[in-house]
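Take a look at the structure below.
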Amino acid sequence: MRRRALIVLTDGVDRASRYKEDELLARLAAEGVQVYAVGFLEMGGTGERAGARRREQARSLLARVADATGGRAFFPTSFAELPAVAREIARDLRTQYVVGYTPTNRARDGRFRSVRVTVSGGDGARTAATRPGYFAPGAKE
């Protein structure tokens, strides 16, 4: 199975996006891309006039995209934090496992199927960062 990750460096401001949020999330889910978002929201990227509301909207969108794809969102407050962010992303990518299963619902309807992964045992230091599910194959596939 081929893994793909995308690291997005952004100020979080939407400047005439081609896709709406739900379309973006659907495309990312269909492609199986894991998104790591690095939002420079507190470093003047959104502009002083943009205000707290716009920064919070940007933070929320980046977090939703990262969560929906099994990635993570980071919001450094200075460029000095970037090496630590890069180490966290590299650690995440190095320590991933692929978990597979055979679904009981065999319908080839192209619909979204929710999946929940939990980690049991151990000292509680392990977590499962996963996508919320997958799209079933369509009738033509």
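Using only the alpha carbon atoms of the stretch 4-98, find the Kirkwood hydrodynamic radius as the inverse mean reciprocal pair distance, in angstroms to one decimal.
Answer for the stretch 4-98: a Kirkwood hydrodynamic radius of 13.9 Å.
Tally the DSSP beta bridges in the chain and give the antiparallel ones as a percent, rounded to 5.
25
Treating only the Cβ atoms of Lys and Arg (+1) and Asp and Glu (-1) as charged, compute the dipole magnitude of the chain about its Cα centre; round to the nearest 20 debye.
Result for the chain is approximately 480 debye, rounded to the nearest 20.
Can you tell me the 0 to 90 degree angle between the C-alpha axis of helix 51-69 and the longest principal axis of the chain, rounded to 10?
20
Pulled fully out, how much extra length does the chain show between Thr102 and Glu56, if you take 0.36 nm times their separation in residues and subtract their Cα-Cα distance?
Answer, rounded to one decimal: 12.6 nm.
Once phi is turned into ³J(HN,Hα) by the Karplus curve 6.51 cos²θ - 1.76 cosθ + 1.60 with θ = phi - 60°, what whole-Hz value does each residue of the stretch 83-99 show in order, with x for glycine and proline?
x, 5, 4, 4, 5, 5, 5, 4, 4, 4, 5, 6, 10, 8, 10, 9, 10
Working from Cα positions, state the angle (0 to 90°, nearest 10) between the long axis of helix 21-31 and the longest principal axis of the chain.
50
Once label points are set 7 Å from the Cα along Cα→Cβ at both Arg15 and Arg113, what is their separation, rounded to one decimal in nm?
It works out to 4.1 nm between the two label points.
Most exposed first by the Cβ proxy, i.e. fewest other Cβ within 10 Å, how do Leu25, Leu82 rank?
Leu82, Leu25
What's the ranking of 29-38, 88-97, 112-121, 62-71 by average number of surrounding C-beta atoms within 10 Å, highest first?
Ranked by mean Cβ neighbours within 10 Å, highest first: 62-71, 29-38, 88-97, 112-121.
No value in this document is a laboratory result; all are computed from the given coordinates. Predicted model only: the values in this text are computed from it and were never measured. Glycine also receives a Cβ, built like all others from the backbone with ideal geometry; neighbour counts cover every protein chain displayed.
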